[in-house]
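Asks: Dropping a structure here in C-alpha cells format, bear with me for questions.
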Amino acid sequence: MAVRECIVGLEWGDEGKAKIVDERIAHAKRVNGNKRVIFIRFQGGPNAGHTIYIPTETGLKKFVAHAAPCGIASNTDLGIGPSVAFDPEKFVKEVDEAKATFGDYTGRIMISERTGVLLDYHRVLDMYQEQRRSHKVGTTASGIGPFYMCNAERTTRITFADYVSDKFPDRLREVLDWFKPQLESMGKNIDDYCQELITIHNPIRKNLKDFKERLEYRLQEYIKGGHHIIIEGAQGTYLDVDMGTIPDQTSSHLLAQDAFSGLGLSRRDFKIYGVEKVYPTRVGNGPMPTLAEELQEVGANSGEKGATTGRVRRVGYPDWVLIKRAVLLNDVDGIYITRVDNAQDRNWKVCTQYKIGDCLTKEIPLDLSNAKPIYDAKTYEWHLFNAPKDLSDPEKVDKQLRPLRSNIIQAGFDNLPEGLLKYIKKHNNYVGRPIIGISIGPARGELVSV
Ligand code: GDP
C-alpha cells in the first residue's frame, strides 16, 4: 500500500508539523522501502520555518527548513507546487546546506513551471505596505502579501518558467517598472536595482534550470508507480486567507483541500492529518481568545519562538472550538497532538464555547476579537517524567530526557497517564475525529501512536 497523506496545522502555525511529517516519511519507508517517497510543499513561502531534530549517538542534530520542503532532511524526492511563494535564493542555500548532511538532490527536485518566484522587491513592497497600514498585520516582511497580490494581478507574476528562461531580465524590468512609484519611495533606483537583482539571480537561475516540471503530470507517474506521496502545508488553518482571522492572517490558501487542486491529485486517494499543539500559540498580531498571561512562562520554558523570525509566541489554553472548525475545514481524518511533554504538570482548562455579547456559541465568528472563552468545568493534568524547568534548548536536555521519553514510548498508549487519556477521550468526543498520535518530544521517534 502506498502512503498518500496531506499534513496541515490546525491552529496558527508552529504546531510541530515538520516533526509529524518527518515521522510520516519514516512510516512510508517502513511500509514499503522499495517505493520512492515524494514530499511536496503546496503553498506559502519562507515566512514559515520548520524545525526537525534528528537523534544521533552524540546528541540531536537540528535542521531548519524555510524555502525547502522539510522532507529534505529525510532524503525524499521533493516537489514545489504552483501555489508556493518560491524563494530561489533561500532554496538554493538550504539545499546546499542539506547536501552536506543528507545527500545529493540531483534529479530529485521538481518545481512546477507555474510556481511564482519570490524576489527582493516583494520584501520591499511588503515593508512599504506595512508602513502605510493603520492596522499593522505584523508581517514578517518576507514579501508574501505582495507576492500573492502579483499572482492575483496576473501580469506581475514571474513564473518559475520565466525565471529560468532568457525572458527573465525583461520580465523583471517590466514588473519593477509597474511598481516604480512604490519602489522609488523606498529608495530604489529602478535601473540599478534591476541590474543588482539580475546579477544575484543569474547563477541561481542556471543552477535551478533543470528542476522545471509540469508537476501535475509527473505526480500522476508517482501515483501509477505506487509510490508514496506526502504533502505538507505551511502555517496553520487560522492564517488562511479566506478562513482565518481576517485581516490578521497570511495571503495564501492553506487548507488541506486546497492542496489537491493545484497538484492535480484527488482528495479521495489521500488521508488528511491535522497537527495540534496542546496549547495554541500565535505570533504576529490578531485575536486569540484563550490567550492567558499565566501561560507565557510555559512558552518561554518550552522555547516558543518563531523559527524564522525569533519572535516570541503568545500562548493560550486549549481551544477546542477552534480545533473543531479546523477539522471540519480541512476534512481531517486523524489528529496528532504535540508538545504533550511541555504541557505536563499543569492544570489545563479547555475552551468549549465562546460568549459573544450575551450569546453563547460554538461557532467561530468572522471577528474573533470579542469572543470570550467559556471553559468546561472539567480540567486535566498529567505527569510523564521528571524534567528540568527550562526546556527551551532541546539539544541541552536530550541526554537526560531521551531515555525517559523512550520508556513512555515503549510502554505504549494504554499506559499513558490517566489524566492524559481522559483528555484525549474528551477531545475525541468533542472534536469528532480521533487523536491518532501523541508527540512527547522534539526528536524523530518521540511519538506514541494510538
Ligand atoms: P511547524 O512549522 O509546524 O513545523 O513547527 P515549528 O518547526 O515552527 O515548531 C515546532 C517546534 O516544536 C520544533 O522545534 C519541534 O522540534 C518542536 N516539537 C514538535 N513536537 C514536539 C513535542 O511533542 N515536544 C517538544 N518538546 N517539542 C516538539
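The values are calculated or read from the model by the stated rules, or taken from the named source; none is laboratory data. These numbers come from a predicted model, not from an experiment. Here Cβ is always computed from backbone atoms with ideal geometry, including for glycine, and neighbour counts include all displayed protein chains.
Asks: Can you give me the number of residues within the stretch 55-96 that are touching a helix residue (DSSP H, G or I) at 6+ places or on another chain (Cβ under 9 Å) and in a helix (DSSP H, G or I)?
Replies: Summing the residues that are touching a helix residue (DSSP H, G or I) at 6+ places or on another chain (Cβ under 9 Å) and in a helix (DSSP H, G or I) in the stretch 55-96 gives 11.
Asks: Within the stretch 295-311, identify whether any single residue is crowded, with 20+ Cβ neighbours inside 10 Å, of a type in the set (D, E) and closer than 27 Å to D242 by Cα, and answer yes or no.
Replies: The answer is yes, given that some residue of the stretch 295-311 is crowded, with 20+ Cβ neighbours inside 10 Å, of a type in the set (D, E) and closer than 27 Å to D242 by Cα.
Asks: Follow-up question, since we're still on this one. Which numbered condition in (1) within 16 Å of the ligand (Cβ to nearest atom); (2) surrounded by fewer than 15 Cβ atoms within 10 Å (Cβ to Cβ); (3) under 29 Å from A65 (Cβ atoms) is the only one that S266 fails?
Replies: With (1) within 16 Å of the ligand (Cβ to nearest atom); (2) surrounded by fewer than 15 Cβ atoms within 10 Å (Cβ to Cβ); (3) under 29 Å from A65 (Cβ atoms) applied to S266, the lone miss is (1).
Asks: Here's something else I'd like to know. Mind checking which residues of the stretch 285-305 are of a type outside the set (A, V, I, L, M, F, W, C) and touching a strand residue (DSSP E or B) at 6+ places or on another chain (Cβ under 8 Å)?
Replies: Result: P289, T290, Q296, G299, E304, K305.
Asks: Let me ask something else. Could you list, in sequence order, all residues of the stretch 142-169 that are outside any strand (DSSP E or B), within 19 Å of I198 (Cβ to Cβ) and touching a Lys or Arg at 6+ places or on another chain (Cβ under 8 Å)?
Replies: Once the filter is applied, which keeps residues that are outside any strand (DSSP E or B), within 19 Å of I198 (Cβ to Cβ) and touching a Lys or Arg at 6+ places or on another chain (Cβ under 8 Å), the stretch 142-169 yields G143, C150, I158, F160, A161, D162, Y163, V164, F168.
Asks: Another question, then. Condition first: at pLDDT 95 or above and surrounded by fewer than 16 Cβ atoms within 10 Å (Cβ to Cβ). Can you find one or more residues in the stretch 244-260 that meet it?
Replies: Checked the stretch 244-260: no residue is at pLDDT 95 or above and surrounded by fewer than 16 Cβ atoms within 10 Å (Cβ to Cβ).
Asks: Please verify whether V448 is within 15 Å of the ligand (Cβ to nearest atom), in contact with a strand residue (DSSP E or B) (Cβ under 9 Å, 6 or more places away or on another chain) and under 25 Å from L295 (Cβ atoms), treating the condition exactly as stated.
Replies: Considered against the rule, which asks whether it is within 15 Å of the ligand (Cβ to nearest atom), in contact with a strand residue (DSSP E or B) (Cβ under 9 Å, 6 or more places away or on another chain) and under 25 Å from L295 (Cβ atoms), V448 comes out as yes.
Asks: While we're on this one: Within the stretch 101-113, identify whether any single residue is buried (at least 21 other Cβ atoms within 10 Å of the Cβ), at pLDDT below 95 and over 28 Å from P169 (Cα atoms), and answer yes or no.
Replies: So far as the stretch 101-113 goes, no, none of its residues is buried (at least 21 other Cβ atoms within 10 Å of the Cβ), at pLDDT below 95 and over 28 Å from P169 (Cα atoms).
Asks: Now for a separate question. Out of the residues in the stretch 1-12 meeting the condition of being more than 13 Å from the ligand (Cβ to nearest atom) and out of contact with any Phe, Trp or Tyr (no Cβ under 7 Å at 6 or more places or on another chain), tell me which one is nearest to A443 (Cα to Cα).
Replies: Once the filter is applied, the top-ranked residue is V3.
Asks: Among the residues that make up the stretch 429-438, is at least one of them more than 12 Å from the ligand (Cβ to nearest atom), among the charged types (D, E, K, R) and within 19 Å of L322 (Cβ to Cβ)?
Replies: Taking every residue of the stretch 429-438 in turn, at least one turns out to be more than 12 Å from the ligand (Cβ to nearest atom), among the charged types (D, E, K, R) and within 19 Å of L322 (Cβ to Cβ).
Asks: For the stretch 368-395, give me each residue that is surrounded by fewer than 17 Cβ atoms within 10 Å (Cβ to Cβ) and touching a strand residue (DSSP E or B) at 6+ places or on another chain (Cβ under 9 Å).
Replies: Correct list: N370, K372, I374, Y375, D376, T379, E381, S392, E395.
Asks: Let me ask something else about it. Quick one: P69 ticks every box in (1) away from the ligand (no atom under 13 Å from the Cβ); (2) crowded, with 21+ Cβ neighbours inside 10 Å except a single one, so which number is it?
Replies: Checking P69 against (1) away from the ligand (no atom under 13 Å from the Cβ); (2) crowded, with 21+ Cβ neighbours inside 10 Å, the one that fails is (1).
Results for (1) at negative phi; (2) within 16 Å of the ligand (Cβ to nearest atom); (3) in a loop (DSSP other than H, G, I, E, B), shown as yes or no for each residue.
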| position | (1), (2), (3) |
| --- | --- |
| D14 | no, yes, yes |
| A18 | yes, yes, no |
| E23 | yes, yes, no |
| K29 | yes, no, no |
| K35 | yes, no, yes |
| F39 | yes, yes, no |
| F42 | yes, yes, no |
| Y53 | yes, yes, no |
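Asks: List every residue pair whose Cβ atoms sit under 6 Å apart, with the two residues 6 or more apart in sequence or on different chains, where the first one lies in the stretch 120-131 and is within 7 Å of P146 (Cβ to Cβ) and the second, anywhere, is not in a helix (DSSP H, G or I).
Replies: Close Cβ pairs satisfying both conditions: H122/G143; D126/T139; D126/A141; D126/G143.
Asks: Is the stretch 397-416 home to any residue that is more than 14 Å from the ligand (Cβ to nearest atom), surrounded by 13 or more Cβ atoms within 10 Å (Cβ to Cβ) and farther than 15 Å from L447 by Cα?
Replies: No: zero hits.
Asks: Moving to a separate point now. Residue under question is A26, and the condition is that it be over 15 Å from the mean Cα position of the chain (by Cα), of a type in the set (A, V, I, L, M), surrounded by fewer than 22 Cβ atoms within 10 Å (Cβ to Cβ) and modelled with pLDDT under 85; does it hold?
Replies: no
Asks: Still on this structure: Look at T139 and say whether it is over 30 Å from L219 (Cα atoms), part of a helix (DSSP H, G or I) and β-branched (V, I, T).
Replies: No.
Asks: So in the stretch 1-12, with the set limited to residues that are closer than 21 Å to D269 by Cβ and either polar (S, T, N, Q) or not in a loop (DSSP other than H, G, I, E, B) (or both), which one is nearest to the chain's Cα centre (by Cα)?
Replies: The residue in question is V8.
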